[in-house]
Amino acid sequence: MENRNNSVHYKMYKAKKNFMIAGLATTAAVAGMALANTDVTAHADTVANDATVATVSNSAAATTATSDQISEAQAVVSQASDNVTSAQQAVSDAQAAVNSANNLNSDVAAVNNAQEAYSDALDKQTEAGKAAASAQADYDQASANAQDAIQTAAKARGFAVDQNNPAKTANEAVAYWNAISAENNSTASSVAAARPEADTALSEAQENYNVQSAYVADLATKTNNLKSQAASAAAASANNAAVLAAAASDMEKKFNSAAYELNTTYAYKLGSAQNDVTYFNNMEAKVNSTNDQVKDALTKLSAFLTAKAANDNAYQAAVAAQQAVNKTEKAYVDAMQAHNLPNSQQLADLENTAATNNNWANAYANQLNSNAAYSDANAALNKANSAQTAAQTNVDNYSNAVASDEAAVSAAKTALSDALAQLASATTAAAKTAANAARANAEDELSRAQAQLDSDKANLEAANKTLRNAKKLVTTAQTNLNNVLKQTVAVNEGTETVNMTIAQLVDLVNTWKSKATTATEKLNSAKANLAAVKDVQAAVDAANAQLATAKANLVAAQNAYQAALDALNALNAGSGSSSEGSSASSSADSSATSDTDSSAASSATDDNSSAATDDSQAASSATENAAAATNNGAAATTGATAANQAVATLASTGAASASREASANDAQALPQTGNENTSALVALGAVSAMFGLGLAAKKREF
């Protein structure tokens, strides 16, 4: 449809040119006839004014153009017109190339924008997925941490744990622990208020008890002194022995009474005060413990609710990110398909194929490499198992030794305790000696048993460390053997398990490596093509440069055409000026012709410019149209140059011819009768008409 439109516009332009040429031919014929008629009329008055006729004749002879000059000028006009047509077509082609390049640039920009939006959405989805996973993990951990607080509150308050609404359950638990906190704070206030009085009472009771204790001790000292004095006096048969004995007896009674009061009244008061303080100490410890429990529970519940809200928000963000991915992916795929470029799914298929082939190649290569390692892996496992068994034996032996040593230490401590008791109860030197010997033996046995216990414990710790290392080696060796077994027992080809030789496995590895290489090359080629399509700005710049050149060439061609047309009109005007009336008529006709031709040329230019604008929408390739614009622009430049040279030649030739005609006319002294000029002008008009009709016929054929 676009090519047909170009053809129609071009034909319409040619039809207008045909009318223009026909108009030129008609104007030339009419001008010739008018000049002939004017010349006859002018020369009817020759007798009346011979001097005037001679002057006019000489002037007409000086400005008369020959038919060859006019034909040459008309040929230049025709060539200049053809050059304008070529230049206009070059502009049209260049404009089409610019439009095509701009359209392609716009298409690629749209695709790039869609791809960037999709890629950005994928990145955001990835981040949202990570955030959601992290939030879920935090929530799960917070939920596990808060379960004890929730279960305790649920049991105490008798509410059911709502699995569908965990936030509600957590808030009910928070209310319970807040109530416990308030109650505990009230208890703490009560303890804080009563504690000073209990502390004061304890201080007073302790002080009184200490005073009474000192008093009792003093009485005991005095009693013992009196008894000692009485005993000494009695031994010496002193007279005051009885007095001292009576005083000692009275002092002992006071001592017994004071001691009894100390052990009853004062001790009771002190014990009671101590119990009160102990009670408050226990209450404070309980308050602190409850505070810690409440604080821990509320902290965990707060973390749970915070994690729950964060998890909900992260989930919503992940859903929104997925929706954005779906939307941008569709827009991206649609844009790629609309512009016949590889879409994301096609590119993903290439990537998946390359990745799959590489994975299979690597898998078979790993299977191939693992076959040779099987015996080593199995031997390593057996060695690790033996080491673990030996280490376990050592652990068992040292565990038994430690148990036996602990029993020996306990027995030695018992023996030492018995020896010390025996020493304390010994009353004779022999008994004390035996007891000291038993004590020394018991201490030696305890020291030996303790040293053996410490040694065996150290050995047990070292044995346990060796056992742990041996277990790690067993785990590693077992893992290595399992990996080797997975790859060497059989070859897994996806749908079936096939046993094969090493040589067959080598061939399989080479086959998949070749597939992986081919798929990777295809993927890289596709990516390179996409990268090449993205850069179309160079094509846009080249097309714009060609359009600027074509427009400049068109202006030059139009100027050359106008100059050629002006030269032709000047020749036509000068060929019939034999009187003032003739000059006026010729000038009017020339002006009309010039206006008509200029109007026709302008109309043709406007119409073709419009056609170029319309046709530019049908361009299929920026590169081809830019090349066409270059060729046509060069042709237009050549044509414009030829037209300018022809106009210059025409002007020079016309001036020389006019000079020769003027010299010839000056040499003729006879007056003109008008018949010669009339015949010449009639002939010139006929020739002009024939030339114009011939040009019209030529344009129709073209």
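The values are calculated or read from the model by the stated rules, or taken from the named source; none is laboratory data. All figures in this text were calculated on a predicted structure; none of them were measured in a lab. Note that we place each Cβ from the backbone using ideal geometry, even for glycine, and neighbour counts take in every protein chain shown. Side chains included, ligands, DNA and RNA excluded: accessible areas come from the protein's heavy atoms. Shrake-Rupley method; radii C 1.70, N 1.55, O 1.52, S 1.80 Å.
Looking only at region 412-426, count how many residues are under 14 Å from GLU443 (Cβ atoms) and open to solvent by 60 Å² or more (accessible area, probe 1.4 Å).
Qualifying residue count for the region: 6.
Quick one: in region 363-382, of everything that is modelled with pLDDT under 75 and crowded, with 18+ Cβ neighbours inside 10 Å, which residue is nearest to LEU508 (Cα to Cα)?
GLN367
Would you be able to tell me the number of residues in region 171-208 that are under 30 Å from LEU262 (Cα atoms), touching a Leu at 6+ places or on another chain (Cβ under 8 Å) and open to solvent by 60 Å² or more (accessible area, probe 1.4 Å)?
2
Name the pairs whose Cβ atoms lie under 7 Å apart, with the first residue in region 279-290 and at negative phi, the second among the charged types (D, E, K, R) and part of a helix (DSSP H, G or I), and 6 or more positions between them or separate chains?
Final answer for the pair search is PHE280/ARG195.
What pairs come up if the first residue lies in region 490-506 and is in a loop (DSSP other than H, G, I, E, B), the second is modelled with pLDDT of 70 or more and open to solvent by 80 Å² or more (accessible area, probe 1.4 Å), and their beta carbons are under 6 Å apart, counting only those six or more places apart or on different chains?
These pairs meet every condition: ALA490/THR497; ALA490/ASN499.
All but one of (1) modelled with pLDDT under 75; (2) open to solvent by 20 Å² or more (accessible area, probe 1.4 Å) hold for TYR118, so report the exception by its number.
(1)
The conditions are (1) of a type in the set (Gly, Ala, Ser); (2) over 30 Å from ASN185 (Cβ atoms); (3) surrounded by fewer than 18 Cβ atoms within 10 Å (Cβ to Cβ), and ALA258 fails exactly one of them. Which is it?
(3)
Specify the residue that is farthest from ALA307 (Cα to Cα); the eligible residues are those in region 150-170 that are open to solvent by less than 60 Å² (accessible area, probe 1.4 Å) and within 42 Å of the chain's Cα centre (by Cα).
Filtering first and then ranking leaves ASP162.
Could you identify the single residue in GLU443, GLU461 that is closer than 30 Å to ALA384 by Cβ and among the acidic types (Asp, Glu)?
Values: GLU443 fails: closer than 30 Å to ALA384 by Cβ.
Of GLU443, GLU461, the one residue that is closer than 30 Å to ALA384 by Cβ and among the acidic types (Asp, Glu) is GLU461.
Among the numbered criteria (1) surrounded by 12 or more Cβ atoms within 10 Å (Cβ to Cβ); (2) modelled with pLDDT under 90; (3) closer than 26 Å to ALA379 by Cβ; (4) among the aliphatic types (A, V, I, L, M), which one does VAL474 miss?
Exception for VAL474: condition (2).
Does ALA526 count as under 38 Å from the mean Cα position of the chain (by Cα), more than 17 Å from ALA363 (Cα to Cα) and modelled with pLDDT of 75 or more? So that I can check it myself, show each step before the final result.
Numbers: under 38 Å from the mean Cα position of the chain (by Cα): yes; more than 17 Å from ALA363 (Cα to Cα): yes; modelled with pLDDT of 75 or more: yes.
Yes, satisfied.
Determine whether region 238-251 contains at least one residue that is touching a Ser or Thr at 6+ places or on another chain (Cβ under 7 Å) and of a type in the set (Gly, Ala, Ser).
yes
Would you confirm whether any residue within region 88-103 is out of contact with any His (no Cβ under 7 Å at 6 or more places or on another chain), more than 23 Å from ASN313 (Cα to Cα), charged (D, E, K, R) and at pLDDT 85 or above?
yes
Restricting attention to region 77-101, which residues are more than 17 Å from ALA552 (Cα to Cα) and open to solvent by 30 Å² or more (accessible area, probe 1.4 Å)?
In the first step, residues of region 77-101 are kept if they are more than 17 Å from ALA552 (Cα to Cα); the result is 77-79, 99-101.
Answer for region 77-101, where residues must be more than 17 Å from ALA552 (Cα to Cα) and open to solvent by 30 Å² or more (accessible area, probe 1.4 Å): just GLN79.
Is it true that ASN469 is in a helix (DSSP H, G or I), under 48 Å from the mean Cα position of the chain (by Cα) and at pLDDT below 90?
Numbers: in a helix (DSSP H, G or I): yes; under 48 Å from the mean Cα position of the chain (by Cα): yes; at pLDDT below 90: no.
So ASN469 fails the test.
Return yes when ASN385 is farther than 30 Å from GLU127 by Cβ, crowded, with 17+ Cβ neighbours inside 10 Å and modelled with pLDDT of 90 or more and no when it is not.
no
Quickly run through region 346-362 and pick out the residues that are under 16 Å from SER525 (Cα atoms) and either at pLDDT 90 or above or open to solvent by 60 Å² or more (accessible area, probe 1.4 Å) (or both).
Those that are under 16 Å from SER525 (Cα atoms) and either at pLDDT 90 or above or open to solvent by 60 Å² or more (accessible area, probe 1.4 Å) (or both): GLN346, ASP349, GLU351, ASN352, THR353, ALA354, ALA355.
For region 150-175, give me each residue that is in contact (Cβ under 8 Å) with a residue 24 or more places away in the chain and either among the aliphatic types (A, V, I, L, M) or in contact with a strand residue (DSSP E or B) (Cβ under 8 Å, 6 or more places away or on another chain) (or both).
ILE150, ALA153, ALA167, ALA170, ALA173, VAL174, listed by residue number.
Specify which of the listed residues (ASN436, ASN441) is assigned to a helix (DSSP H, G or I) and open to solvent by 70 Å² or more (accessible area, probe 1.4 Å).
The conditions single out ASN441.
Please go through region 280-289 and give me each residue that is modelled with pLDDT of 90 or more and either surrounded by 13 or more Cβ atoms within 10 Å (Cβ to Cβ) or within 30 Å of LYS227 (Cα to Cα) (or both), ordered by number.
ASN281
Quick check on my filter: what residues within region 261-278 are among the hydroxyl-bearing types (Ser, Thr, Tyr), without any contact (Cβ under 8 Å) to a residue 12 or more places away in the chain and open to solvent by 50 Å² or more (accessible area, probe 1.4 Å)?
Just the residues of region 261-278 that are among the hydroxyl-bearing types (Ser, Thr, Tyr), to begin with: 264-266, 268, 272, 278.
From what is left, the residues that are without any contact (Cβ under 8 Å) to a residue 12 or more places away in the chain are 264-265, 268, 278.
Matches in region 261-278: THR265, TYR268, THR278.
Would you please name the residue that is modelled with the highest pLDDT, looking only at residues in region 211-252 that are within 20 Å of ALA267 (Cβ to Cβ) and open to solvent by 80 Å² or more (accessible area, probe 1.4 Å)?
Only one residue fits best here, namely VAL211.
Mind checking which pairs have a first residue in region 126-149 that is open to solvent by 40 Å² or more (accessible area, probe 1.4 Å) and a second that is of a type outside the set (Asp, Glu) and in a helix (DSSP H, G or I), Cβ under 6 Å, 6 or more apart or different chains?
That search, which allows pairs on different chains as well, returns ALA131/ALA314; GLN136/ASN311; ASP138/ALA307; ASN145/LYS300.
Please tell me if VAL108 is part of a helix (DSSP H, G or I) and touching a His at 6+ places or on another chain (Cβ under 8 Å).
On the way: part of a helix (DSSP H, G or I): yes; touching a His at 6+ places or on another chain (Cβ under 8 Å): yes.
It is true that VAL108 is part of a helix (DSSP H, G or I) and touching a His at 6+ places or on another chain (Cβ under 8 Å).
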